[in-house]
Amino acid sequence: MIVATRLAAVDAQNFWMSARTAGDQFLLYTFDGAPAVEPALAALRRRASVCHDLRLRVLDTSPVRYPQWVYGAVTPEQFVVHGGVDWTTCLGAVTRLAGRSLDATSAAWRLHVFTPVAGVPTSSGPSTVVVLHISHALADGTRAAELAGWLFGRAAAVRPVPPTRRGSLVVRSLIAARGHRRLVRDTEAGLVVAAPSPRPLLLTNSAPDGARRGRIVIRHRSALGAPTVTVATLAAVGTALAGYLGERGQDVSQLAAEVPMSYSGIREAHNFFRNVGVGLYPGRSDQVDLIAADLAAARARGNHPSSRAERQAFAALPAPLLRWGVGRFDPAVRPPAVTGHTVVTSVNRGDADLQFGAAPVLFTGGLPTLSPMMSLVHGVHGIGDAVAVSVHAADSAGDIGEYVDRLEHALG
């Protein structure tokens, strides 16, 4: 067994959290055709075996040290083939998978192949649906898409995350405190927009309960209009969610979404993003402009020097302290306010140049996992000109069919 490097603090946090609440990722790719499975899987195994990250798993043997990444062989158990189903049944199977976490000490990812699948949107006939189930310790949404791209035939290899020095917690904490004071001054001077205040809970913040369902709406990129796919979808979600919740007597005047946003600069860990709050402004004539402004303000805060100083201080935390903090997390404890009333994860997965065997990719989506504070979430994933807007919800959020009807209408 060869040790690669120790986990960064944020990656270790994701690994330890996976034992307390489901948080893995499920990247769904549909392919136009149902080629012979074994030759296609053999090609995927070969590509996985020469990819640095896809050979990693976690070794966690000491309570006083961070876990380590170690190399291991890609195993046949990481490829699971399911029999032929229809599209709705396939999505149901994926939502059931989304309630489970991988044991990253055995395998940090697993591939599920559904073939043949009937009734896939935009398909000309029987299709193949492949779902990459990947531990969040190994990759965030952007990096997971890069790894999937390599698996399905892209030429560009995914470079390993460069190791970083942990540094002194005392020194880095002092630098972070100084950075925070600068952020306060810059905010007061109007150079940086203040982060939005937490919002009151709504129905969609109920703890997930009952059956879970997934739906995927496909749109052509050019049909979405607004300045970006992310902004256009957030506006549609705001409109649909306001109508859906308003009809149920909810106050949607402060409606907001929690949006994962990548940091700029050189990647410092397998997870290199933060969650930001974005107002959805339903009913406003300038809704699109306001959403775009919130995203730009959040990006500016993330690029402020205080942000990197804060990340470096977190990276210097001693392992026992971080492990203790994760151990104290209680998913049953409900805060009085939240960053957003749904999650909208948006990732551009590149050109439509992927294949499963000889079958070309149609579209790619994903059903983000539900959290203790989110019973209705969204994924927005583009490949080529196809954009898939995914909805994953539990019965505790109400009637997902009605909500998706509203969302389809709002998307145009």
Name the shape class, rounded, prolate or oblate, that the alpha-carbon gyration tensor gives for segment 285-339, where a ≥ b ≥ c are the square roots of its eigenvalues, rounded holds for a/c under 1.5, and otherwise prolate holds if a/b is larger than b/c and oblate otherwise.
-> oblate
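If R0 is 56 Å, what FRET efficiency do you get for Ala194 and Thr89 from their C-beta distance, rounded to 0.05? Spell out each step's value before the answer.
Working: r = 47 Å, r/R0 = 0.84.
So, using R0 = 56 Å, E works out to roughly 0.75.
Nearest 20 debye, what's the magnitude of the dipole of the chain about its Cα centre given +1 on Lys and Arg Cβ and -1 on Asp and Glu Cβ? Don't skip to the answer; put the middle values down first.
On the way: 40 positive and 31 negative charges, 342 e Å.
The dipole magnitude comes to about 1640 debye.
So between Ala36 and Glu247, what do we pick up on full extension, going 0.36 nm a residue minus the alpha carbon distance?
Values: separation 211, 0.36 × 211 = 75.96 nm, distance 4.86 nm.
Gain in length upon complete extension: 71.1 nm.
For a footprinting-style exposure proxy, rank Val404, Val259 by other Cβ within 10 Å, fewest first.
Values: Val404 20, Val259 26.
Listing Val404, Val259 from fewest to most nearby Cβ atoms yields Val404, Val259.
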Grab the beta carbon distance between Ala157 and Ser285, set R0 = 45 Å, and tell me the FRET efficiency rounded to 0.05.
-> 0.45
Among Thr345, Ile383, Leu174, flag the residue with its Cα farthest along the positive direction of the charge dipole of the chain, charges on Cβ as +1 for Lys/Arg and -1 for Asp/Glu.
-> Leu174
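Mind putting a number on the dipole of segment 3-151 about its Cα centre? Charges go on the C-beta only, +1 for Lys and Arg and -1 for Asp and Glu, and I need it in Debye to the nearest 20. Before the final figure, lay out each step's value.
On the way: 12 positive and 11 negative charges, 69 e Å.
I would put it at about 340 debye.
Report the relative contact order of the chain, percent, no decimals, based on alpha-carbon pairs under 8 angstrom and at least 6 residues apart. Could you put the intermediate results ahead of the total?
Numbers: 845 pairs, mean separation 103.2, N = 412.
Here the relative contact order equals 25 percent.
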Cα Rg, Dmax (largest Cα-Cα span) when computed across the chain, Å | 21.2, 63
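Given the Cα-Cα distance of Ile266 and Ala211 and 0.36 nm per residue of separation, how much length would full extension add, in nm? Spell out each step's value before the answer.
On the way: separation 55, 0.36 × 55 = 19.80 nm, distance 4.07 nm.
Answer, rounded to one decimal: 15.7 nm.
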Per-selection metrics, segment 3-151 (Cα): Rg and Dmax in Å = 16.1, 55
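Working out 0.36 nm times the residue gap between Glu77 and Ser222, then minus their Cα-Cα distance, what length gain in nm do you get to one decimal?
Numbers: separation 145, 0.36 × 145 = 52.20 nm, distance 4.03 nm.
Value of the extension gain: 48.2 nm.
Could you list the trypsin sites (Lys or Arg not before Pro) in segment 265-295 that lie in coil according to DSSP, counting only those with at most 14 other Cβ atoms within 10 Å of their Cβ?
On the way: sites: Arg267, Arg274, Arg284; in loops: Arg267, Arg284.
Listed in order of number, the matching sites are Arg284.
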With the dipole of segment 3-151 worked out from charges on the C-beta (+1 for Lys and Arg, -1 for Asp and Glu) around the Cα centre, which of Trp109, Met17, Val131 lies farthest toward the positive end?
-> Met17
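FYI, it's all coordinate maths here, none of it is from the lab. None of these values were measured; they are calculated from a predicted model. Using ideal geometry, Cβ is built from the backbone for each residue, glycine included, and neighbour counts are taken over all protein chains shown.
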